[in-house]
Amino acid sequence: WSMMYIRQLLADLPHDTLSPKKSFDDLNRKLHEIESLTAPGIFASLVGLCIDEQAQRVTFVRAGAPRLIHATNEGEVRTLDPDGLPLGLFEDANLEEIESEFHPGDKLVWASDGLLGIRDESGARWSEKGLRDCIASCCYLPSRAVFEQILASVGDYSAEDAARDDWSLVVIGYDHPPE
């Protein structure tokens, strides 16, 4: 029920804003109001992204979710790390919005905590460092190839019989048009 309700709230948000923070603030207010009327526990961990292709900028907000990795067309790999609590828990989620340039050749990569928490035979976690290292080694490739390389690296790293949490992986690329 909670997820169905959150999906409907997301669908009802205005889509004409370039500010994911504004949308998340509205969603947080609605979730917090519902929580005060019902049993506690309705909250959402989300990431929001707005890409303005004309301005070559990306705006990112996160609410209790893992950070976003930005690989530039020059090969620089950095983390976009805005503050933000899961939505619905508090009246103010203290969301911070980060803007970054987004040029042809750049990639944005987001992975869920389930994927970042993969362990090897010794029990060591793959973590955000493993993701960043993998992205750095292949960020010059097209987006689909980066996606496939990350999954291959996770598969090589993980213990065969390890219990697995859910995995989510998103790679968004501003790929150069084919010549």
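The values are calculated or read from the model by the stated rules, or taken from the named source; none is laboratory data. Computed from a prediction, not measured in an experiment: that's the story for all the values here. Every residue, glycine among them, receives a Cβ derived from its backbone with ideal geometry; neighbour counts consider all protein chains shown. When the accessible area is computed, the model is the full protein with side chains, heavy atoms only, and any ligands, DNA or RNA have been set aside. Shrake-Rupley method; radii C 1.70, N 1.55, O 1.52, S 1.80 Å.
Quick one: which residues, 5+ away or cross-chain, put their amide H under 5 Å from the amide H of ARG57? H built at 1.01 Å from N.
Those qualifying (amide H under 5 Å, at least 5 residues apart or on another chain) are ASP52, PHE102.
May I ask for the angle, rounded to the nearest 10°, between helix 20-37 and the longest principal axis of the chain, with both axes built from Cα atoms and the value confined to 0 to 90°?
Helix 20-37 sits roughly 50 degrees off the main axis of the chain.
Within the range 88-111, list the residues whose amide N lies under 16 Å from a label point set 7 Å along Cα→Cβ of LEU141.
Backbone N within reach: 106-110.
Rounded, prolate or oblate: which one fits the range 83-164, using the alpha carbon gyration tensor with axes a ≥ b ≥ c (rounded when a/c is under 1.5, else prolate when a/b beats b/c, else oblate)?
oblate
For every other residue with a beta carbon closer than 15 angstrom to the beta carbon of GLU96, add +1 if it is Lys or Arg and -1 if Asp or Glu, then tell me the sum.
-2
Determine the per residue accessible area of the chain with all protein chains present and a 1.4 angstrom probe, expressed in square angstrom.
On a per-residue basis, 56 Å².
Ordered by residue, what ³J(HN,Hα) values in Hz, to whole numbers, does the range 138-147 give under the Karplus form 6.51 cos²θ - 1.76 cosθ + 1.60, where θ = phi - 60° and Gly and Pro are x?
Per residue, the Karplus-derived 3J(HN,Hα) values read 9, 5, 7, 7, x, 3, 4, 5, 5, 3 Hz.
Accessible area of the chain with a 1.4 Å probe: how many percent of it is carbon plus sulfur?
Whole-percent figure for carbon plus sulfur exposure: 51.
With viscosity set to 1.002 mPa s at 20 °C, what whole-number translational diffusion coefficient in µm²/s follows for the chain from Stokes-Einstein and a Kirkwood radius over Cα pairs?
Rounded, D is 122 µm²/s.
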